[in-house]
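The values are calculated or read from the model by the stated rules, or taken from the named source; none is laboratory data. It should be emphasised that the depicted structure is a prediction, and the values quoted were computed from it without experimental measurement. Because the Cβ atoms are built from the backbone with ideal geometry, glycine has one as well, and the counts that use them run over all protein chains shown. For the accessible areas, the whole protein counts, side chains as well, though only heavy atoms, and no ligand, DNA or RNA atoms are used. Shrake-Rupley method; radii C 1.70, N 1.55, O 1.52, S 1.80 Å.
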Amino acid sequence: AGARALDELVLASHALPGVLIGFGLLRLALVAPSAGSYRAMGESGALLLAGYAARFLPEAFVALRTAALNVDPRHDEAARTLGASPARRLRRVTLPAMIPGAAAALGLVVASIAKELPVTLLLGAACGARTLSFRAYDRLEEAMLHDAGAAGLLLVAVSLAGFALSARWSRDA
């Protein structure tokens, strides 16, 4: 029951739109007790990092949970039989078996952050964060269609490269 509640808690933020997460974090930062806390959190990138974590933690969590569930328990049992400590079994058996899942989680999060616009627009301006989607949006606003198209094309190329890598990893697994 506790694991299911944790799953639901982590996955709940995925149902929220990025705009709502951005406004919620802005509101929290503005009502913080310290007058300079909004400025400090904004300039350091802490607000943007919190927004990205709230928005994309579920994607990474699902990929990592799946990788952990797919680790063959017989390998851990064999290491235990051979006298390996729990820390050594984790370091030498479990974590290496989870590397493809961790790489998939990283790829998902990087691709999602690259195309995320609402959180970046609301929280990233103070620290100067500029993703590809932000660049495309900014160039469209300035009617620089050639530059917006180049940013969009690069975003598509990055997405296709990630897809090709994940297809290769799944074929090798």
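Details
- Crossing angle, helix 2-12 versus the chain [Cα axis fit, 0-90 degrees, rounded to tens]: 30
- Helical content alone sets the calculated 222 nm signal of the chain at -24500 deg cm²/dmol, taking -39,500 (n - 2.57) per DSSP H segment of four or more residues and averaging over every residue.
- Degrees between helix 46-69 axis and first principal axis of the chain (Cα, 0 to 90, nearest 10): 30
- Per residue, the accessible area of the stretch 1-65 comes to 62 Å², computed with a 1.4 Å probe over protein heavy atoms only.
- Computed lengthening from Ala150 to Phe23, 0.36 nm per intervening residue step minus Cα-Cα distance: 42.8 nm
- Accessible-area composition of the chain, carbon plus sulfur, in percent [1.4 Å probe]: 68
- Full extension of the segment from Ser37 to Ala53, taken as 0.36 nm per residue of separation minus the current Cα-Cα distance, would add 3.8 nm.
- Accessible surface for the stretch 74-134, divided over its residues, is 59 Å² per residue with a 1.4 Å probe.
- Phi-derived couplings, Karplus 6.51 cos²θ - 1.76 cosθ + 1.60 at θ = phi - 60°, listed residue by residue for the stretch 78-85: 5, 5, 5, 4, 7, x, 6, 6 Hz, with x used for Gly and Pro.
- Under the simplified labelling scheme, the Glu141-Val110 pair shows an inter-label distance of 2.8 nm, with each label point 7 Å from Cα along Cα→Cβ.
- C-alpha long axis of helix 145-172 to longest principal axis of the chain, angle in °: 10
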